[in-house]
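Heads up: the structure comes next, in structure tokens.
Laboratory data are not the source of any read-out in this text; all were calculated from the coordinates shown. Being a predicted model, the structure only gives us computed values, none of them experimental. Because the Cβ atoms are built from the backbone with ideal geometry, glycine has one as well, and the counts that use them run over all protein chains shown.
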Amino acid sequence: MPKDYDAIGGQLLTEKHLIITFKRRVEPEDYVAFNVNLTNVTALINGKIVRHDLRNLYHVHRAYEEKRRMQKLSKTRPRIARRLIGEVF
């Protein structure tokens, strides 16, 4: 039984064992937190905010996604697909 715990976390009873968990509050020395969005990744590392911009990458992703959509349309509606591809490129 640990001597430096703050509280009992919970109990789990199996066929052969009784498992008791204990809680202890610990202050972290180093920490990292991430926030991931479509256009950026923001990190909080030891109190310092670091932001990485992903707008250009997201733009490329969306452009190719639309291009694939138009190419798929060319199988079922070739005239409309040619018109759309002609307007974009």
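If you take all other residues with their beta carbon under 14 Å from the beta carbon of Tyr58, and give Lys and Arg +1 and Asp and Glu -1, the sum is -1.
Listed by chain and number, the aspartates and glutamates whose C-alpha is less than 14 Å from the C-alpha of Lys67, apart from same-chain residues fewer than 8 away, are Glu87. Expressed in Å, the radius of gyration and Dmax of the Cα atoms of the chain are 27.1, 77. Build a GNM of the chain with springs between Cα atoms under 10 Å apart, and of Lys75, Lys23, Lys67 the one that fluctuates most is Lys23. If you plug the beta carbon distance of Arg51 and Tyr31 into 1/(1 + (r/R0)^6) with R0 = 25 Å, you get a FRET efficiency near 0.90. GNM remark for the chain: springs join alpha carbons under 10 Å apart, and the peak mean-square fluctuation among Glu66, Glu29, Glu15 falls on Glu15. Listed by chain and number, the aspartates and glutamates placed with their C-alpha closer than 16 angstrom to that of Lys48 are Glu29, Asp30; residues fewer than eight positions away on the same chain are left out.
Relative contact order of region 3-44: 28 percent, from C-alpha pairs under 8 Å at least 6 residues apart in sequence. Placing +1 on the Cβ of every Lys and Arg and -1 on the Cβ of every Asp and Glu, with no other charges, gives the chain a dipole of roughly 1080 debye about its Cα centre.
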